[in-house]
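The structure under discussion appears below in the form of structure tokens.
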Amino acid sequence: MESLHYLLMKAHTRMHRSIMSRAAGLGLSPGQPKVLEYLLQHGESDQKTIASYCEIEPATAGSILNRMEAAGLIRRNRHEGNRRSLYVTLTQEGRKTAEKMEAIFTEAETCAAAGMKEEEREALKRLLTKLADALSE
């Protein structure tokens, strides 16, 4: 059997390739699908929180958000009394695209776990969570 790190990279690469090939059809570039997913699930948020959730650097998040804003997927604004933070929210077009992305994520997960029983999927999620927690800084 292959090493754990190899199997994790292989699974990630294949899942990412599957998702991004479909996301590209929506005009999305890397990084944008997970930002859309976050905003759809959590609503308006600041850039720092989005970057943290998506496991990317704040500067990278800024570049991704710039492209998303130019594409009309998000809107950024400041809240009164807080001049330092920009808050990001989905536009109507962004919400539609996020919902399409959500279907792509669901389909990719369904395909990836097609040979597993529900208990196995839940166990895998628990184990991956445990692994991610052990690797957190």
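The values are calculated or read from the model by the stated rules, or taken from the named source; none is laboratory data. Note that the structure is a prediction, hence the values are computed from the model and not measured. Glycine gets a Cβ as well: all are built from the backbone with ideal geometry, and neighbour counts include every protein chain shown. These area figures cover heavy atoms from the full protein model, side chains too; ligands, DNA and RNA do not enter into them. Shrake-Rupley method; radii C 1.70, N 1.55, O 1.52, S 1.80 Å.
For the range 1-43 and the range 60-108, compute the distance between their C-alpha centroids and round to whole Å. Here the two parts' Cα centres lie 17 Å apart. Accessible-area rank, largest first, for Arg126, Arg22, Arg76, Arg84: Arg84, Arg126, Arg22, Arg76, with all protein chains present and a 1.4 angstrom probe. With the helix formula -39500 (n - 2.57) applied to DSSP H stretches of n ≥ 4, the chain reaches a computed 222 nm mean residue ellipticity of -22000 deg cm²/dmol. Other residues lying with their Cβ under 15 Å from the Cβ of Val88 contribute a combined charge of +3, Lys and Arg counting +1, Asp and Glu -1. Element breakdown for the chain at a 1.4 angstrom probe: carbon and sulfur atoms account for 52% of the accessible area.
Over all other residues within a Cβ to Cβ distance under 12 Å of Pro30, the charged ones net out to +3, with Lys and Arg as +1 and Asp and Glu as -1. Which option, (1) 17.2; (2) 16.0; (3) 16.5, is the value of Kirkwood radius over Cα pairs in Å that was calculated from these coordinates? Computed from these coordinates, Kirkwood radius over Cα pairs in Å corresponds to label (3).
Evaluate the relative contact order of the chain (contact order divided by residue number), counting alpha-carbon pairs under 8 angstrom at least 6 apart; express in whole percent.
Result for the chain is 24 percent.
Measuring with a 1.4 angstrom probe and ignoring ligands and nucleic acids, Leu26 comes out at about 60 Å² accessible.
Normalised per residue, the accessible area of the range 59-137 is 74 Å², obtained with a 1.4 Å probe and no contribution from ligands, DNA or RNA. Given their separation in residues at 0.36 nm each and the Cα-Cα distance between them, Ala113 and His42 gain 23.0 nm when the chain is fully extended.
Solvent exposure of Cys54, expressed as accessible area, is near 10 Å², computed with a probe of 1.4 Å over the protein chains only.
Annotation: lysines with alpha-carbon distance below 27 angstrom to Lys117 (same-chain offsets under eight excluded): Lys10, Lys34, Lys100, Lys125, Lys130.
Which helices pass in the chain if a helix is a full DSSP H run, must span at least 24 angstrom along its long axis by Cα, and must have mean Kyte-Doolittle hydropathy not below -0.5? Those that pass (Cα extent of 24 Å or more, hydropathy at least -0.5) are 4-24.
Only protein heavy atoms count here; on that basis, with a 1.4 Å probe, His12 has an accessible area of about 120 Å². Of the GluC sites (Glu not before Pro) in the range 1-99, the ones in a loop by DSSP (not H, G, I, E or B) with at most 10 other beta carbons within 10 Å are Glu2, Glu55, Glu80.
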